[in-house]
Amino acid sequence: MKIATFNINGINRRLPNLMAWLADAAPDVVCLQELKATDRQFPATALADAGYGAVWRGESSWNGVAILARGMEPILTRDELPGNPDDKQARYIEAAVNGVLIACLYAPNGNPRPGPKFDYKMAWTERLIAHAAELWATDLPVALVGDYNIVPEPRDIYETTSYRDNALVQPESRALFARLLVQGWTDAIRAKHPDETIYTFWDYMRNRWPRNAGLRLDHLLLSHDLARKLKASGVDRDVRAAPGASDHAPAWMELRV
DNA sequence: ATGTCGTATCGCATACGA
């Protein structure tokens, strides 16, 4: 079972890129972020024609998350992160696919820092940690997959000072990600590539893709029993090089499930 | 401050978020 995460940065604008990658990589499950589409604008028919069932939670202009499943319909379990009923941003969706509980998340970017956006990032990710603890305690096979908007360690970003004040690399941000790992979750990319430099995002600005000035922001975390079934993981970098690409590349893992 | 995108809008240019 191949599970991928892809911050698509506008699903309708990016539909040809998405379709080409789906045909090429044939993932069984895909977690999408930054749909930038309302529920009505979600291209469900085109995805069904490509062989994918889907659940989604859209929003006008910003955010938006979806879970795709090849040859089946994901069974929706949640479409919001618990802990703040006033939070209307479409950043979390959860569904069961083939016996695995898939959590698809799009954590807040948090810039500029300091400020209300950074506070929201902290509060949202705290809610994620609380919900992750509950999921861990169920002993179900769970994958927490998505754009965490956190660079876990200094080696997960190219050599630079231009991100020094950025929310993505702050010690407070990194501490939140570390607390998830302390719960027991396995970082599927790191587990299979302990010493490699791996990025999933390259900003559009300043030639950062051609310079390979990237960041690792998209993560796939596995519960205890799923971690033992991890076969392989990687990043489809070629997708970032295509015309009209998202600023993120898909990250994926292969499970013996 | 800037760079580059995508989106929305009292639109052919600007603001905002990333």
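The values are calculated or read from the model by the stated rules, or taken from the named source; none is laboratory data. Computed from a predicted model, the values in this text were never measured in an experiment. In this analysis, Cβ positions are derived from the backbone assuming ideal geometry, glycine residues included, and neighbour counts consider all displayed protein chains. Heavy atoms of the whole protein, side chains included, go into the accessibility calculation; ligands, DNA and RNA do not. Shrake-Rupley method; radii C 1.70, N 1.55, O 1.52, S 1.80 Å.
Looking only at residues of region A:212-257 that are part of a loop (DSSP other than H, G, I, E, B) and without any contact (Cβ under 8 Å) to a residue 12 or more places away in the chain, we find that the one that is nearest to residue A:174 (Cα to Cα) is A:228.
Inclusion of residue A:137 among residues that are aliphatic (A, V, I, L, M) and open to solvent by 60 Å² or more (accessible area, probe 1.4 Å) is warranted.
Given the options A:57, A:13, A:40, name the one that is crowded, with 20+ Cβ neighbours inside 10 Å, more than 14 Å from the chain's Cα centre (by Cα) and within 16 Å of DNA strand B (Cβ to nearest atom). Going through A:57, A:13, A:40 in turn, just one is crowded, with 20+ Cβ neighbours inside 10 Å, more than 14 Å from the chain's Cα centre (by Cα) and within 16 Å of DNA strand B (Cβ to nearest atom): A:57.
Residue pairs whose Cβ atoms lie under 9 Å apart, separated by 6 or more positions or on different chains, with the first residue in region A:170-193 and among the β-branched types (Val, Ile, Thr) and the second open to solvent by 60 Å² or more (accessible area, probe 1.4 Å) and in a helix (DSSP H, G or I), are A:186/A:224. Residues of region A:84-127 that are open to solvent by 10 Å² or more (accessible area, probe 1.4 Å), out of contact with any strand residue (DSSP E or B) (no Cβ under 8 Å at 6 or more places or on another chain) and closer than 25 Å to residue A:30 by Cα: A:87, A:88, A:89, A:99, A:109, A:126, A:127. Being farther than 22 Å from residue A:171 by Cβ and touching a residue at least 12 places away in the same chain (Cβ under 8 Å) holds for only one residue in A:128, A:105, A:140, and it is A:140. Kindly evaluate residue A:148 against the criterion of being open to solvent by less than 60 Å² (accessible area, probe 1.4 Å) and touching a Ser or Thr at 6+ places or on another chain (Cβ under 9 Å). The answer is yes for residue A:148. Taken together, A:249, A:213, A:232, A:227 contain a single residue that is buried (at least 17 other Cβ atoms within 10 Å of the Cβ) and away from DNA strand B (no atom under 16 Å from the Cβ), which is A:227. In region A:156-200, the qualifying residues are those that are aromatic (Phe, Trp, Tyr) and closer than 21 Å to residue A:222 by Cβ, and the one that is farthest from the chain's Cα centre (by Cα) is A:185. Within region A:199-210, being within 14 Å of DNA strand B (Cβ to nearest atom) and surrounded by 17 or more Cβ atoms within 10 Å (Cβ to Cβ) holds for A:200, A:201, A:202, A:208, A:209.
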